1. On the given criteria, is LYS251 open to solvent by less than 70 Å² (accessible area, probe 1.4 Å) and either out of contact with any strand residue (DSSP E or B) (no Cβ under 8 Å at 6 or more places or on another chain) or closer than 26 Å to LEU134 by Cα (or both)?
2. Within the group ILE191, ILE174, which residue is modelled with pLDDT of 95 or more, closer than 19 Å to VAL209 by Cβ and either more than 18 Å from the chain's Cα centre (by Cα) or surrounded by 14 or more Cβ atoms within 10 Å (Cβ to Cβ) (or both)?
3. Among TYR232, TYR267, which is without any contact (Cβ under 8 Å) to a residue 60 or more places away in the chain, surrounded by 13 or more Cβ atoms within 10 Å (Cβ to Cβ) and out of contact with any Asp or Glu (no Cβ under 8 Å at 6 or more places or on another chain)?
4. Does at least one position in the range 223-232 carry a residue that is over 23 Å from ILE157 (Cβ atoms) and among the hydroxyl-bearing types (Ser, Thr, Tyr)?
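The values are calculated or read from the model by the stated rules, or taken from the named source; none is laboratory data. Given the structure is predicted, the values throughout are model-derived calculations rather than measurements. Every residue, glycine as well, gets a Cβ built from its backbone with ideal geometry; the counts of neighbours run over all protein chains shown. Note: accessible area is taken over every heavy atom of the protein model, side chains too, but ligands, DNA and RNA are not part of it. Shrake-Rupley method; radii C 1.70, N 1.55, O 1.52, S 1.80 Å.
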Amino acid sequence: RQFRKFREEGVVMETIIGLGNAGCSIAEQFSRYPQYEIYRIDSKKRSGKKFKLIPKCKSHEEYEERCPSMKTFFKNVSGSCLFIVGGSGTISGASLRILEAIKDREINILYIKPDIEFLSDTKYKQHRAVFQILQQFARSDLLKRMYIVENEKISQILGDLPIAEYYNKINEFIASSIHMVNVFDHTESVINTFSDPAPTAKISTFGVVDIESEKEQNFYDIEMPREKRYYYAIKKNVLSEKNELFSKIKKQIKNISKKDDKMRVSYGIFSTEYENNFAYSITSATLI
(Lines give C-alpha, C1' and ligand atoms only; values in the text may rest on other atoms or scores of the structure.)
Protein backbone atom coordinates (compact mmCIF):
# COMPACT_ATOMS: atom_id res chain seq x y z
CA ARG A 1 0.00 0.00 0.00
CA GLN A 2 2.84 2.36 0.83
CA PHE A 3 4.08 2.48 -2.78
CA ARG A 4 0.84 1.77 -4.65
CA LYS A 5 0.72 5.19 -6.26
CA PHE A 6 4.17 4.66 -7.79
CA ARG A 7 3.08 1.36 -9.33
CA GLU A 8 -0.17 2.82 -10.66
CA GLU A 9 1.48 5.89 -12.14
CA GLY A 10 4.39 3.88 -13.58
CA VAL A 11 6.90 6.26 -12.05
CA VAL A 12 10.55 5.43 -12.81
CA MET A 13 12.48 7.07 -10.01
CA GLU A 14 15.91 6.15 -11.34
CA THR A 15 17.73 4.05 -13.91
CA ILE A 16 20.09 1.61 -12.17
CA ILE A 17 23.30 0.64 -13.99
CA GLY A 18 25.49 -2.04 -12.44
CA LEU A 19 29.05 -2.75 -13.58
CA GLY A 20 30.91 -5.94 -12.69
CA ASN A 21 29.95 -8.57 -10.14
CA ALA A 22 29.39 -6.18 -7.22
CA GLY A 23 27.56 -3.59 -9.32
CA CYS A 24 25.33 -6.13 -11.06
CA SER A 25 24.50 -7.98 -7.84
CA ILE A 26 23.29 -4.79 -6.16
CA ALA A 27 21.48 -3.61 -9.29
CA GLU A 28 19.57 -6.90 -9.38
CA GLN A 29 18.31 -6.25 -5.85
CA PHE A 30 16.44 -3.20 -7.19
CA SER A 31 14.43 -5.45 -9.52
CA ARG A 32 12.04 -6.22 -6.64
CA TYR A 33 10.81 -2.63 -6.88
CA PRO A 34 8.78 -1.59 -9.95
CA GLN A 35 10.10 1.98 -9.96
CA TYR A 36 13.47 1.22 -11.58
CA GLU A 37 14.89 0.30 -14.96
CA ILE A 38 17.82 -2.08 -14.44
CA TYR A 39 20.86 -2.30 -16.74
CA ARG A 40 23.82 -4.60 -16.09
CA ILE A 41 27.27 -4.82 -17.64
CA ASP A 42 29.75 -7.62 -16.93
CA SER A 43 32.37 -9.84 -18.53
CA LYS A 44 30.55 -12.90 -17.17
CA LYS A 45 27.24 -13.91 -18.72
CA ARG A 46 24.15 -13.14 -16.63
CA SER A 47 20.56 -14.07 -17.39
CA GLY A 48 17.79 -11.56 -17.91
CA LYS A 49 17.08 -8.54 -20.09
CA LYS A 50 19.09 -5.34 -20.45
CA PHE A 51 22.41 -7.08 -19.95
CA LYS A 52 25.59 -6.23 -21.88
CA LEU A 53 28.41 -8.78 -22.08
CA ILE A 54 31.81 -7.20 -22.65
CA PRO A 55 35.11 -8.96 -23.41
CA LYS A 56 37.04 -10.24 -20.40
CA CYS A 57 40.33 -8.34 -20.01
CA LYS A 58 43.44 -8.72 -17.88
CA SER A 59 43.97 -5.12 -16.77
CA HIS A 60 42.27 -1.83 -15.96
CA GLU A 61 43.80 -0.23 -19.02
CA GLU A 62 42.66 -3.02 -21.32
CA TYR A 63 39.06 -2.75 -20.09
CA GLU A 64 39.10 0.97 -20.89
CA GLU A 65 40.61 0.43 -24.33
CA ARG A 66 38.38 -2.50 -25.34
CA CYS A 67 35.10 -1.31 -23.83
CA PRO A 68 32.50 -1.40 -26.64
CA SER A 69 30.19 1.52 -27.40
CA MET A 70 27.23 1.73 -25.04
CA LYS A 71 25.17 4.27 -26.99
CA THR A 72 22.77 1.71 -28.43
CA PHE A 73 22.53 -0.17 -25.14
CA PHE A 74 21.52 3.04 -23.32
CA LYS A 75 19.42 4.58 -26.10
CA ASN A 76 16.21 4.43 -24.00
CA VAL A 77 17.77 5.68 -20.78
CA SER A 78 16.43 9.02 -19.59
CA GLY A 79 16.29 11.00 -16.37
CA SER A 80 18.44 10.26 -13.36
CA CYS A 81 20.91 7.33 -13.34
CA LEU A 82 22.58 5.50 -10.47
CA PHE A 83 25.84 3.89 -11.61
CA ILE A 84 27.02 1.15 -9.22
CA VAL A 85 30.62 -0.06 -9.19
CA GLY A 86 33.14 -1.72 -6.91
CA GLY A 87 36.51 -0.13 -7.62
CA SER A 88 38.76 -3.06 -6.78
CA GLY A 89 37.37 -5.13 -9.66
CA THR A 90 39.48 -5.02 -12.82
CA ILE A 91 36.35 -4.35 -14.88
CA SER A 92 35.97 -0.99 -13.11
CA GLY A 93 38.54 0.25 -15.64
CA ALA A 94 35.62 0.57 -18.08
CA SER A 95 33.75 3.01 -15.79
CA LEU A 96 34.62 6.25 -17.56
CA ARG A 97 33.88 4.82 -21.01
CA ILE A 98 30.45 3.69 -19.80
CA LEU A 99 29.70 6.99 -18.05
CA GLU A 100 30.64 8.83 -21.24
CA ALA A 101 27.67 7.18 -22.97
CA ILE A 102 25.21 8.72 -20.47
CA LYS A 103 27.02 12.00 -19.83
CA ASP A 104 23.96 14.03 -20.84
CA ARG A 105 21.90 12.40 -18.05
CA GLU A 106 21.89 13.23 -14.35
CA ILE A 107 24.38 10.75 -12.86
CA ASN A 108 24.82 9.57 -9.28
CA ILE A 109 27.54 7.09 -8.34
CA LEU A 110 27.23 4.33 -5.76
CA TYR A 111 30.77 3.24 -4.97
CA ILE A 112 31.29 -0.01 -3.06
CA LYS A 113 34.47 0.46 -1.05
CA PRO A 114 36.28 -2.87 -0.58
CA ASP A 115 38.00 -4.06 2.58
CA ILE A 116 41.44 -2.77 1.60
CA GLU A 117 43.17 -4.83 4.29
CA PHE A 118 42.69 -7.95 2.18
CA LEU A 119 43.37 -6.49 -1.27
CA SER A 120 46.34 -7.43 -3.43
CA ASP A 121 48.62 -4.58 -4.49
CA THR A 122 47.06 -4.50 -7.97
CA LYS A 123 43.49 -4.44 -6.71
CA TYR A 124 44.36 -1.74 -4.16
CA LYS A 125 45.77 0.46 -6.94
CA GLN A 126 42.63 -0.17 -9.02
CA HIS A 127 40.42 0.83 -6.10
CA ARG A 128 42.46 3.92 -5.34
CA ALA A 129 42.41 5.12 -8.95
CA VAL A 130 38.64 4.71 -9.44
CA PHE A 131 37.84 6.00 -5.94
CA GLN A 132 39.84 9.21 -6.40
CA ILE A 133 38.83 9.91 -10.00
CA LEU A 134 35.10 9.54 -9.39
CA GLN A 135 35.28 11.82 -6.35
CA GLN A 136 37.07 14.42 -8.45
CA PHE A 137 34.38 14.12 -11.11
CA ALA A 138 31.71 14.70 -8.44
CA ARG A 139 33.56 17.72 -7.03
CA SER A 140 33.90 19.12 -10.57
CA ASP A 141 30.11 18.90 -11.00
CA LEU A 142 30.38 16.33 -13.80
CA LEU A 143 28.37 14.02 -11.53
CA LYS A 144 25.40 14.96 -9.36
CA ARG A 145 26.66 13.05 -6.32
CA MET A 146 28.89 10.16 -5.26
CA TYR A 147 27.63 7.85 -2.53
CA ILE A 148 30.18 5.64 -0.78
CA VAL A 149 29.25 2.49 1.13
CA GLU A 150 31.51 -0.03 2.83
CA ASN A 151 30.52 -3.68 3.19
CA GLU A 152 32.18 -4.00 6.58
CA LYS A 153 30.17 -1.08 7.99
CA ILE A 154 26.91 -2.59 6.78
CA SER A 155 27.89 -5.97 8.19
CA GLN A 156 28.28 -4.31 11.58
CA ILE A 157 24.80 -2.80 11.29
CA LEU A 158 23.19 -6.12 10.35
CA GLY A 159 25.09 -8.18 12.90
CA ASP A 160 26.18 -11.78 12.39
CA LEU A 161 25.28 -12.99 8.91
CA PRO A 162 25.34 -16.51 7.45
CA ILE A 163 28.45 -17.00 5.32
CA ALA A 164 26.46 -18.29 2.34
CA GLU A 165 24.20 -15.22 2.38
CA TYR A 166 26.76 -12.63 3.50
CA TYR A 167 26.96 -10.48 0.35
CA ASN A 168 23.36 -11.13 -0.66
CA LYS A 169 22.07 -9.74 2.66
CA ILE A 170 24.39 -6.74 2.47
CA ASN A 171 23.36 -5.99 -1.13
CA GLU A 172 19.70 -6.34 -0.23
CA PHE A 173 20.11 -3.88 2.65
CA ILE A 174 21.93 -1.34 0.46
CA ALA A 175 19.22 -1.47 -2.21
CA SER A 176 16.31 -1.28 0.23
CA SER A 177 17.86 1.68 2.08
CA ILE A 178 18.43 3.64 -1.13
CA HIS A 179 14.94 2.78 -2.32
CA MET A 180 13.36 4.08 0.89
CA VAL A 181 15.22 7.39 0.62
CA ASN A 182 14.13 7.65 -3.03
CA VAL A 183 10.52 7.04 -2.01
CA PHE A 184 10.70 9.79 0.61
CA ASP A 185 12.21 12.16 -1.95
CA HIS A 186 9.15 11.49 -4.14
CA THR A 187 6.63 11.71 -1.29
CA GLU A 188 5.11 14.75 0.36
CA SER A 189 6.32 14.99 3.95
CA VAL A 190 4.18 15.82 6.98
CA ILE A 191 6.73 18.47 7.87
CA ASN A 192 10.31 19.19 6.79
CA THR A 193 13.13 21.71 7.01
CA PHE A 194 14.87 20.56 3.83
CA SER A 195 16.60 23.07 1.60
CA ASP A 196 18.58 22.61 -1.60
CA PRO A 197 21.73 20.52 -0.96
CA ALA A 198 24.98 22.44 -0.63
CA PRO A 199 26.43 22.62 -4.16
CA THR A 200 29.96 21.69 -3.01
CA ALA A 201 29.02 18.81 -0.68
CA LYS A 202 29.02 16.06 -3.28
CA ILE A 203 30.63 13.12 -1.42
CA SER A 204 27.95 11.30 0.57
CA THR A 205 26.89 8.17 2.41
CA PHE A 206 23.72 6.74 3.88
CA GLY A 207 22.98 5.88 7.48
CA VAL A 208 20.31 4.32 9.69
CA VAL A 209 19.10 5.88 12.92
CA ASP A 210 17.50 4.31 15.98
CA ILE A 211 14.96 6.96 16.99
CA GLU A 212 14.70 5.80 20.59
CA SER A 213 18.41 5.47 21.38
CA GLU A 214 19.47 8.17 18.85
CA LYS A 215 22.22 5.80 17.68
CA GLU A 216 23.28 6.52 14.10
CA GLN A 217 25.25 4.05 12.00
CA ASN A 218 26.66 5.23 8.68
CA PHE A 219 27.49 3.06 5.69
CA TYR A 220 30.88 4.78 5.46
CA ASP A 221 32.90 7.15 7.67
CA ILE A 222 32.65 10.54 5.97
CA GLU A 223 35.38 12.94 7.07
CA MET A 224 34.43 16.51 8.04
CA PRO A 225 30.73 16.35 7.04
CA ARG A 226 29.14 19.62 6.00
CA GLU A 227 25.54 18.54 5.60
CA LYS A 228 23.13 15.99 7.11
CA ARG A 229 19.60 15.18 6.04
CA TYR A 230 17.36 12.98 8.18
CA TYR A 231 14.30 11.09 6.96
CA TYR A 232 11.97 10.05 9.79
CA ALA A 233 9.42 7.37 8.89
CA ILE A 234 6.64 7.51 11.49
CA LYS A 235 3.56 5.34 11.78
CA LYS A 236 0.43 7.11 10.58
CA ASN A 237 -1.50 6.53 13.81
CA VAL A 238 1.38 7.92 15.90
CA LEU A 239 1.31 11.13 13.87
CA SER A 240 -2.36 11.54 14.74
CA GLU A 241 -1.88 11.07 18.47
CA LYS A 242 -0.74 13.60 21.03
CA ASN A 243 2.76 12.55 22.09
CA GLU A 244 6.30 13.80 22.67
CA LEU A 245 7.82 12.36 19.50
CA PHE A 246 8.04 15.65 17.60
CA SER A 247 9.79 17.32 20.52
CA LYS A 248 12.16 14.37 20.73
CA ILE A 249 13.04 14.60 17.04
CA LYS A 250 13.64 18.35 17.21
CA LYS A 251 15.83 17.88 20.26
CA GLN A 252 17.87 15.22 18.45
CA ILE A 253 18.40 17.54 15.48
CA LYS A 254 19.45 20.43 17.73
CA ASN A 255 21.93 18.21 19.59
CA ILE A 256 23.49 17.10 16.30
CA SER A 257 23.76 20.71 15.13
CA LYS A 258 25.51 21.75 18.33
CA LYS A 259 28.28 19.19 17.79
CA ASP A 260 29.46 20.99 14.65
CA ASP A 261 28.31 24.53 13.95
CA LYS A 262 29.73 24.31 10.41
CA MET A 263 27.42 21.43 9.50
CA ARG A 264 23.95 22.15 8.15
CA VAL A 265 21.32 19.74 9.51
CA SER A 266 17.76 19.31 8.21
CA TYR A 267 14.99 16.74 8.54
CA GLY A 268 11.69 15.53 7.15
CA ILE A 269 8.93 13.50 8.80
CA PHE A 270 6.96 11.07 6.65
CA SER A 271 3.79 9.08 7.32
CA THR A 272 4.07 5.30 6.81
CA GLU A 273 2.00 2.19 7.36
CA TYR A 274 4.87 0.12 8.71
CA GLU A 275 4.70 -1.43 12.17
CA ASN A 276 7.76 0.42 13.49
CA ASN A 277 9.17 3.92 13.32
CA PHE A 278 12.61 4.25 11.72
CA ALA A 279 14.92 6.83 10.19
CA TYR A 280 17.59 7.19 7.52
CA SER A 281 20.26 9.82 7.08
CA ILE A 282 22.42 11.18 4.28
CA THR A 283 25.76 12.67 5.31
CA SER A 284 27.69 14.78 2.79
CA ALA A 285 31.14 16.36 2.68
CA THR A 286 33.20 18.52 0.36
CA LEU A 287 36.59 16.89 0.86
CA ILE A 288 37.99 14.14 -1.39
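1. no
2. Within the list ILE191, ILE174, the selection yields ILE174.
3. Just one listed residue meets the conditions, TYR232.
4. For the range 223-232, residues over 23 Å from ILE157 (Cβ atoms) and among the hydroxyl-bearing types (Ser, Thr, Tyr): absent.
Per-residue answers, yes or no, for (1) among the small types (Gly, Ala, Ser); (2) modelled with pLDDT of 90 or more; (3) open to solvent by 40 Å² or more (accessible area, probe 1.4 Å); (4) not in a helix (DSSP H, G or I):
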position: THR200; (1), (2), (3), (4): no, no, yes, yes
position: GLN217; (1), (2), (3), (4): no, yes, yes, yes
position: ILE222; (1), (2), (3), (4): no, yes, no, yes
position: GLU227; (1), (2), (3), (4): no, yes, no, yes
position: LYS258; (1), (2), (3), (4): no, no, yes, no
position: TYR280; (1), (2), (3), (4): no, yes, no, yes
position: THR283; (1), (2), (3), (4): no, yes, no, yes
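Let's see how each residue does on (1) more than 19 Å from ILE148 (Cβ to Cβ); (2) outside any loop (DSSP other than H, G, I, E, B); (3) in contact with a Cys (Cβ under 6 Å, 6 or more places away or on another chain); (4) among the charged types (D, E, K, R):
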| position | (1), (2), (3), (4) |
| --- | --- |
| ILE38 | yes, yes, no, no |
| PHE83 | no, yes, no, no |
| SER88 | no, no, no, no |
| ARG97 | yes, yes, yes, yes |
| ASP104 | yes, no, no, yes |
